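What follows is calculated from the coordinates using simple rules that are stated; it is not laboratory data. Owing to the predicted nature of the structure, the values given are computational and were not obtained by experimental measurement. Cβ: placed from backbone, ideal geometry, glycine included. Neighbour counts: every protein chain shown.
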Amino acid sequence: MDGVTDVAFREIVWRNFAPLNLAFTEFVNVEGLFRAPHATVPKLYISPFEKNIVAQVFGNVSQLEYFKKAAALIRYLGFSGIDLNVGCPYPNVVKNKAGVYLLGKTEMIGRIIDAIREGVENYSRYESIFAKLLKGFDLSRFRIGSKPTSFSVSLKTRLGKNREAAANWWYFLDTLKLDYITIHGRYSKFKHSNAVGWRKLQLVAYALKTPVIGNGGIKTKRGIQRALRYTPEGVMIGRGFIGNPWLEKVDFKTRFETLYQHFKLYVSYFSDQNILPFFKHLVAYVKGFDRAKKLKLELIKLRDAKTLGRRLKRLASNPEQVLGQLRADF
Ligand SMILES: Cc1cc2nc3c(=O)[nH]c(=O)nc-3n(C[C@H](O)[C@H](O)[C@H](O)COP(=O)(O)O)c2cc1C
C-alpha cells in the first residue's frame with residue numbers, strides 16, 4: 001500500500017504475524033525508479049526478516065522500456081516476483097493511464113506483461129546500468145546476488161469495471177498465464193469502501209485456472225478463515241495490519257513495545273529528519289482504549305525524532321504508569 005507498506009512496516013508484520021508467507025512493496029512507478037531513484041529506490045528495500053517479497057509496479061503502455069528495466073532491476077535486487085498494479089484509482093495515477101485505467105484494456109496489459117517478462121528473462125543484460133543507479137545506496141538493504149528458486153509475474157486488480165463487464169475481464173486475465181492474480185473484491189468505481197464481493201471472488205477463483213488471491217476488508221484471524229472459504233489459494237490483508245500486526249487484541253505492553261520498535265526501524269531505514277510519514281502508523285497503534293485520544297494528541301505534537309523516541313521508549317517500558325498519569329491528569 002502506497003505510503004504504508006514500507007520495509008519497516010513489513011518487517012513489523014513479518015515479526016508479529018507468523019502465518020504470513022508473502023508480502024508486497026508499495027507500488028513503484030517504473031519510470032520513477034530510473035528518473036528519481038533517490039525518492040523511489042528506497043521503496044524497494046528488503047528486510048532480512050522477509051521470506052517472500054514481491055515488488056509492485058505501475059506505469060502506462062508508453063513506458064514499456066521502463067517496465068523491462070524495472071522488472072530486470074527487481075529481479076537483480078533479489079525479489080521473488082513482480083506484480084503489476086491494475087487497480088489503483090488515485091486520480092493522478094489514472095490520469096497517467098496507469099492503475100485502474102488499464103482495467104479492461106486487454107491489448108495494453110498484454111504488451112506490458114510481455115515487456116515485464118522480457119526484462120525478467122534478460123535481467124543480467126542491464127547489470128551495468130544498475131551498478132550506476134545504485135551508487136550511493138547501502139547495498140545491504142537489498143539481496144543482490146541471491147538467486148531465488150523461482151520468480152513470479154503476477155497482477156493485482158479489481159473485480160472488473162462493473163458487473164456487466166466482469167466475466168470478460170476474468171477470462172482475459174486467465175489468458176495472461178500469470179503465476180497468480182490478486183483481486184480486490186470491488187468494481188473500479190468504488191474506492192476502498194462499499195461491501196466486498198466475496199461471492200464473486202469465489203466465482204472467479206472457481207472459474208480461473210490461474211490461482212486467485214482474494215482481498216478486501218479482512219481485519220481478524222477469523223476473517224481470514226472465512227475468506228479462505230471463498231479464495232482457498234490465498235488472501236491478502238491490507239489496512240487490517242495497520243496498528244495491529246497481530247490481527248488480534250494484545251496487551252498494552254506488547255502494543256507499545258511494537259510501536260517503539262516500529263518507530264526505531266522506521267528511523268533506521270529512512271530518516272530521523274522526516275518522521276511525519278510514520279504518524280499514520282503511530283495514530284493507528286494509539287486508539288481504541290481509555291485515554292487513547294489524549295495520548296495520541298500528546299504524541300503527535302512531538303515532531304523531533306529524539307523527543308518522540310524517548311517518549312515512546314517510556315511508554316513501551318511502563319505503559320501502565322504513562323496511562324495512569326494521563327488518567328490522573330484528567
Ligand atoms: C492508503 C492506501 C494505499 C494503497 N496502495 C496500494 C498499492 O500501492 N497497491 C495496491 O495494489 N493496492 C493499494 N491499495 C489497495 C489495497 O491493497 C487493498 O486492495 C484495499 O485497501 C482493500 O483491502 P483491505 O481492506 O485489506 O485494505 C491501497 C489502499 C490504501 C487504503
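One quarter of the surface of the convex hull around the alpha-carbon atoms of the range 232-291 equals 5.5 nm², the direction-averaged projected area.
Would you give the gap between the C-alpha center of the range 217-247 and the C-alpha center of the range 134-202, rounded to a whole Å? With the range 217-247 and the range 134-202 each reduced to a Cα centre, they are spaced 16 Å. Taking 0.36 nm per residue of sequence separation and removing the Cα-Cα distance, the Ala292/Asn92 pair yields an extension gain of 68.5 nm.
Seen from a random direction on average, the alpha-carbon convex hull of the range 252-329 projects onto 4.6 square nanometres. If you take the alpha carbon atoms of the chain and fit the smallest convex hull around them, that volume is 138 Å³ per residue. Within the straight-line cut-off of under 16 Å between alpha carbons, the aspartates and glutamates reachable from Lys301 are Asp272, sequence neighbours fewer than 8 places apart in one chain being disregarded.
Taking the longest Cα principal axis of the chain as reference, the axis of helix 7-16 is set at about 70 degrees.
With 30 Å as the limit, the listed pairs Lys69/Lys219; Lys249/Lys294; Lys95/Lys177; Lys95/Lys156; Lys161/Lys219; Lys132/Lys177 have Lys69/Lys219; Lys132/Lys177 beyond it between alpha carbons. Taking the alpha carbon gyration tensor of the range 185-269, multiplying each eigenvalue by 5 and rooting it gives semi-axes of 31, 14, 12 Å, largest first. Please find the FRET efficiency linking Ser193 to Arg327, where r is the Cβ-Cβ separation and R0 is fixed at 41 Å, and quote it to the nearest 0.05. So, using R0 = 41 Å, E works out to roughly 0.75. Rg/Rh for the range 51-134 (Cα atoms only, Rh after Kirkwood) is 0.99. Under the simplified labelling scheme, the Val4-Thr307 pair shows an inter-label distance of 3.0 nm, with each label point 7 Å from Cα along Cα→Cβ. The stretch between Thr175 and Ser146, if pulled fully straight at 0.36 nm per residue, gains 7.3 nm over its current Cα-Cα span. If the Kirkwood radius is taken over C-alpha pairs of the range 174-330, then at 4 °C and 1.567 mPa s the Stokes-Einstein diffusion coefficient equals 72 µm²/s.
Under a point-charge model restricted to the Cβ atoms of Lys and Arg (+1) and Asp and Glu (-1), what is the dipole moment magnitude of the chain relative to its Cα centre, in debye to the nearest 20? So the dipole magnitude of the chain works out to roughly 900 debye.
Dividing the mean sequence gap of close Cα pairs (under 8 Å, 6+ apart) by how many residues the chain holds gives a relative contact order of 13 percent.
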